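Please read the structure below before turning to the comments.
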Amino acid sequence: MQFQQLQYFVAVAETRHFTRAAELVHVAQPSLSQQIKALERELGADLFLRARGNITLTDAGEALLPLARRILADADTARHEVQELAQLRGGRVRLGATPSLCTGLLPDVLRTFHDRYPGIQLLIEESGSHDLVRELARGALDLALIVLPLPPASPALTTVELLREDLVVVSAPEATVPGRGRGGVRIADLEGERLVMFRHGYDLRELTVAACRSAGFEPSFAVEGGEMDAVLGFVRAGLGVAVVPRMVAARSGRGLRVTPLAKPGLHRTIALAHRSDVAPPRAARELQRMLLER
């Protein structure tokens, strides 16, 4: 099995077309087809079902695809690490983070990192923890800031707890604060309130909804489906209240009233994660150190 054959296989699997795949990897189509056939002979199984105008993966092809992607991603990571210049003057870091962390935690850390290592390219993937775990597993990220606990059946990841963050309630300045006068908003005070809710797959959505159900009620949504900036904008417009991380509220609090949750409150644990079987590149390790020492 040759590395080049895996590149060709992934190209065909992603384009579902031999000619377009050949153009993608800059090789003649007959050469690509010959290499795919050689790979199939080596593996002893057909990887594609070939019908005129319709290329689909066989069961063997479906099994090989995630492994091939991981091998190619690992090779790409190795290439970039070897090419890094001395004294961290070159290279890249592929960092994943949830949208709330991109808003609250990362700007100051990344500014410091960039000032110290201006030659290192920062590639940021903004998504939910579940998606970031998948991206780490397939080798598309070097590091990710995720919310613990990990999803069930997660791949082998090394995690280091970074911080435990309080959640707060944000509302429009002219709106009545739920449970006003009690020294903070209780989860029970949110019953009957119109919540501005994040999209499905958002860690904050799952945490808030679970807390409401534990308090014995089903939350009501004024609007749902937004990312962090949209949710804050809808709250400012007076559409409802939202539960957000304290760091986000502190950074984006203009035009918002911020009210703490009454004890015991709600918290989330943020961790820095990377694949257990692959050490992060040199530049990523330096960013990891800065995040842990911030």
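Odds and ends about this structure:
- Estimated [θ] at 222 nm from DSSP helical runs (n ≥ 4, -39500 (n - 2.57)) normalised by residues in the chain, nearest 500: -13000 deg cm²/dmol
- Within the listed set T56, T159, T103, the Gaussian network model of the chain (springs between alpha-carbon atoms below 10 Å) gives the highest mean-square fluctuation for T56.
- In the chain, the portion of solvent-accessible area held by carbon and sulfur atoms comes to 49 percent [1.4 Å probe, whole percent, DNA, RNA and ligands not counted].
- Taking the square roots of five times each eigenvalue of the Cα gyration tensor of the chain, the equivalent ellipsoid has semi-axes of 44, 24, 16 Å, listed largest first.
- Taking R194, R186, R50 in turn, the Gaussian network model of the chain (Cα-Cα springs below 10 Å) assigns the largest fluctuation to R50.
- Protein-only accessible surface at a 1.4 angstrom probe places the residues I187, I270, I124 in the order I124, I187, I270, largest first.
- Counted over the chain, the DSSP beta bridges are approximately 60% antiparallel.
- Chymotrypsin sites (Phe, Trp or Tyr not before Pro) within segment 204-243, DSSP loop, no more than 13 other Cβ atoms inside 10 Å: F217
- Fluctuation leader among H26, H114, H274 - the chain, Gaussian network, Cα springs under 10 angstrom: H26
- Axial C-alpha extent at least 30 Å, average Kyte-Doolittle at least -0.5 - helices from the chain (DSSP): 59-83
- Distance histogram for segment 38-192 (every C-alpha pair counted, 5 angstrom bins, percent rounded to whole numbers): 1, 7, 11, 13, 12, 13, 11, 9, 7, 6, 5, 3, 1, 1, 0
- Whether segment 196-272 is rounded, prolate or oblate, judged on the alpha carbon gyration tensor where a/c under 1.5 counts as rounded: rounded
The values are calculated or read from the model by the stated rules, or taken from the named source; none is laboratory data. Small disclaimer: the values here were computed from a predicted structure and weren't measured. With ideal geometry, Cβ positions are generated from the backbone for all residues, glycine too; neighbour counts draw on all protein chains shown. Quick note on the areas: whole protein, heavy atoms, side chains included, nothing else; ligands and nucleic acids left out. Shrake-Rupley method; radii C 1.70, N 1.55, O 1.52, S 1.80 Å.
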